[in-house]
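FYI, it's all coordinate maths here, none of it is from the lab. Predicted model only: the values in this text are computed from it and were never measured. Here Cβ is always computed from backbone atoms with ideal geometry, including for glycine, and neighbour counts include all displayed protein chains.
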Amino acid sequence: MGEGGKRKSRQEDAPAPPSHRILTADELGLLKVSEVPAGDKWEETAAKQRWGAPDKAQGITRLQVHCPDWSSDRCLVAAARTSGRVTLHAGSDGGDLGSFRAAPPASTSGRSDTSTNAVQALRFARPEGSQQLLIATATLGGHVSVHRCPVEAALSTALAGRVVQTWEEAARLQTIGDLQAMDVSSSGRYVAVGGEGHQLKVWDLEAAGGAAAAAAAGADGSTPKAGEPLFAGKAGKPSRSGLQDLAHVTALAFVPGQDDKQVLVGTAKHKLWLYDTRAGRKPQAELVWGEGRITTLQPQPDGSRIWVGNGRGHVEALDLRAAPAKLSMGHALKGVAGSIRALALHPSEPLIASVSLDRHLRVHHAIKRGSLAKLYLKQALTGVAWLPPLPPAPADGAREEEEEEEEEEQARAAAEEADGDAEEEEEQQQHNGRGARGKGKHAGRGKADGGSKPPAKKQDSKRRKQ
């Protein structure tokens, strides 16, 4: 086989990059990347990378990924920790991009109390037309904060231009106690919260930002009180016996495409309430689903459906196309088990990833509803997100080919240099030869001239004898 054939075979043998990458977070503070081999070989899905070191004091409670261009060089990962900090990482290799504190440490009887600092909710937001990327966080103690950074600076996660950015605090406020759920509207202006003993409440972050600026100008630096919310929801219909469920919101989400006016709420009593802030404080629609508490809500970008997971290991889609007149559940995923902890929708394909209390990562087809992959990841999982695929890396054969080309170029240059030296040496020898021939002619002449002298000496000796 010739040299061209060898290069062609090496290029054909170059490994293809994985078709899908899925990021998971666990209670030990680890981020793991699971990859699906090229050709969508879901049955060969495996964990390939691990970012960070195990530390339960830095366990991850929530995970979010912001990647508007779906490029690995512009992908930002945010992980909320039980310590009250949010760490930022590059989506390509998990590189450290800095961190910030979601809530200041509380003080009780002169001792630091961080039990309420665990981050319960984490959301990215980018207001339309704004050049700022926002990260909103909410802690168990009800402290809501918003940090911002220029979009281009935040998304500069490529290894060549990677810089640790400083996230400026834009707003902070104290909302409710024992917060369980939080979401930020798509405009980045409103924040909705709920928890144990509290129904849905919505605040205006712009007003909170002004209060934060006033607090920063003060000397005490205390967290400003939220004041009265813009909207405070009430419970749904009472039961047949006239009893009302205790307030316990466990999940909530703004409905996309509704101008930040509709909010879906899930409760501990396996109920779904759809609120419209323009139509009164009571829910406009109510639906009882399953028997477990609602644990997570994941809206589709168009707002037509919201995927719902509960504590009994069920995942179904809530159809909102006829809302609020009619709510219906359907498209139940097959083969799901364990209490659902988080859901993630693929941005361009009908795929949905889930993690549950049984420590498994599962991937389903959102239309066919069948299971594509199931992977055991050892630790208790708390978050899941999709990552963009990596660009093709140069194969070993390509590297060898490049090295061979470099060696050939070096050998060619050395040969040309050697040929040049040989020509110079030959020219020098020719020049030296011409000089030697010239000297030889003069030497012959000297010999010819000196050849007449010995006979003169013989004549002198004969004369002496005589």
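For this structure, a couple of remarks:
- Proximal charge balance of Val336 [Cβ under 11 Å; K/R count +1, D/E count -1]: +3
- Percentage, to the nearest whole number, of Cα pairs in the range 30-69 over 13 Å apart: 67 percent
- The residues packed around Pro299, meaning those with a beta-carbon under 10 Å from its beta-carbon, carry a net charge of -1 if Lys and Arg are +1 and Asp and Glu are -1.
- Over the range 41-161, the fraction of Cα-Cα pairs per 5 Å bin, rounded to whole percents and listed from the shortest bin up, is 2, 10, 19, 20, 18, 14, 8, 5, 2, 1, 0, 0.
- Viscosity 0.890 mPa s, 25 °C: Kirkwood-radius Stokes-Einstein D of the range 222-368 over Cα pairs, µm²/s: 152 µm²/s
- Local net charge near Ala138, Cβ-Cβ under 15 Å (Lys/Arg +1, Asp/Glu -1): +3
- Gain in span if fully extended, Arg278 to Ala47, counting 0.36 nm per residue against the direct Cα distance: 78.5 nm
- Links that overshoot a 18 Å alpha carbon limit, given the list Lys201/Lys326; Lys32/Lys368; Lys271/Lys368; Lys237/Lys269; Lys48/Lys368; Lys269/Lys368: Lys201/Lys326; Lys32/Lys368; Lys271/Lys368; Lys48/Lys368; Lys269/Lys368
- Close amide-amide hydrogen proximity is noted between Val249 and Gly195, Glu196, Gly197, His198, each under 5 Å apart and 5 or more residues distant or on a separate chain (H modeled in the peptide plane; Pro and chain starts excluded).
- Cβ-derived FRET efficiency at R0 35 Å, Ala16 paired with Gln410, nearest 0.05: 0.65
- Rg [Å, one decimal], Dmax [Å, integer] - the range 256-298, C-alpha atoms: 11.0, 32
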